[in-house]
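Here's the structure, in structure tokens; my notes come after.
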Amino acid sequence: QVQLVESGGGVVQAGGSLRLSCAASGLTFSTYAMGWFRQVPGKEREFVAAILRSGSSTYYPDSVKGRFTMSRDNAKNTVYLQMNSLEPEDTAVYSCAATRRIASLGVTNAYDYWGQGTQVTVSS
């Protein structure tokens, strides 16, 4: 049974930082590309970051580029999302996801498995 468990969410002031973690189990982690997405009530899930299997490449939308950094530790079956210079607009539930694909990583339906998510709230 595949499980993705996020942690590290919380409340932070604008300009602050948070580091999210996503621990994976039940899959051969190093064979999966991983992604982070976020969602606010009433809106579609939004792509935040993705990383290839080896960690050699990462991808970000313009909305977070330069502020967010995704990384992975295949020995620990864990991916991370370092979020700096947080803005109130970053408030959302952040979820990690896993896929065997190596393309279209910014699209939600490319992913096979999803975590439950962790709430990030940025106060102004």
Report task. Kindly list, by first and then second residue, each pair from a residue in segment 21-41 that is over 15 Å from Glu6 (Cβ atoms) to a residue that is aliphatic (A, V, I, L, M) and part of a helix (DSSP H, G or I), limited to pairs with Cβ atoms under 9 Å and residues at least 6 apart or on different chains. Result -> Ala33/Ala110
**Report entry** Residue in segment 6-18 that is surrounded by 15 or more Cβ atoms within 10 Å (Cβ to Cβ) and more than 19 Å from Thr69 (Cβ to Cβ) present
**Finding:** no
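FYI, it's all coordinate maths here, none of it is from the lab. These figures come from a predicted structure and were not determined experimentally. Neighbour counts are summed over all protein chains in view; Cβ atoms, including those assigned to glycine, are modelled from backbone coordinates with ideal geometry.
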